[in-house]
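Here is the structure we will look at.
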Amino acid sequence: MKKVMMVAYEFPPMAGSGIFRTLKFAKYLPDFGYHPFVLTRKIGPNTLPDDSNLEELAGKEITIVREKSLPIDELRGMKGKAIRYVGKKWISPDVQIFWARKACRESVRICRENAISLVYTTSAPISDHFVGLHLKKTMENIHWVADF
C-alpha cells in the first residue's frame, strides 16, 4: 500500500466546514491503495468537538498524528479578540505559523520513518502549505500536492 502524508490544521473531531474535504480524502484513499498519515493539531478545551465525523474513519487504515498548537484560536473574550486582531495584522501568513513550525519537524520524522513520498497539504490556514514546502525542500523524492 502506498503512503501519503496529509497536513490539515483542521480535522475531526473538530467541527466546522473546513474539515470535510480532508476527511473524505482520508476516508476514501485506502480504497484506492493509499494509507493516509494525517498530521493535524490537538484540539483544546474550548474547541467544540463533533465525534460523528471521526466515526466515518472507523475501520479504515488511517494514522492520525496530533501536534500541539498555541491556543490562539480558542481564546475567548476581549483578550482573545485583541490577540487575534494583532495576529491577523502582523503575523504572516496567519497565527497558525507557530503550529506549522512544529509540524515541519514532525512531518519529516513521519515521512522518514514510514517511507512516505507523497504529501498533501490543504488550506485554510495557509500555514499548512509551509509544511509541504519544507518537506519538498528538505527531502528527496517528495511529491507535493497543495490544495487551495
- Restricting attention to region 136-148, and to residues there that are within 20 Å of residue 21 (Cβ to Cβ) and hydrophobic (A, V, I, L, M, F, W, C), which single residue is least open to solvent (accessible area, probe 1.4 Å)? 146
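Residues are listed down the side, and each one gets a yes or a no for (1) at pLDDT below 80; (2) under 26 Å from residue 146 (Cα atoms); (3) of a type outside the set (Val, Ile, Thr):
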position	(1), (2), (3)
24	no, yes, yes
44	yes, no, yes
53	yes, yes, yes
56	yes, yes, yes
76	yes, no, yes
96	yes, yes, yes
- Filter region 108-133 down to the residues that are open to solvent by less than 10 Å² (accessible area, probe 1.4 Å) and among the small types (Gly, Ala, Ser), then identify the one that is farthest from residue 96 (Cα to Cα). 132
- Message: Could you list, ordered by first residue, the pairs with Cβ atoms under 6 Å in which the first is in region 116-143 and at positive phi and part of a loop (DSSP other than H, G, I, E, B) and the second is open to solvent by less than 70 Å² (accessible area, probe 1.4 Å) and at pLDDT below 90, at least 6 apart or interchain?
- Response: 141/117
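The values are calculated or read from the model by the stated rules, or taken from the named source; none is laboratory data. Computed from a prediction, not measured in an experiment: that's the story for all the values here. Using ideal geometry, Cβ is built from the backbone for each residue, glycine included, and neighbour counts are taken over all protein chains shown. Surface accessibility is based on the protein's heavy atoms, side chains included, excluding ligands, DNA and RNA. Shrake-Rupley method; radii C 1.70, N 1.55, O 1.52, S 1.80 Å.
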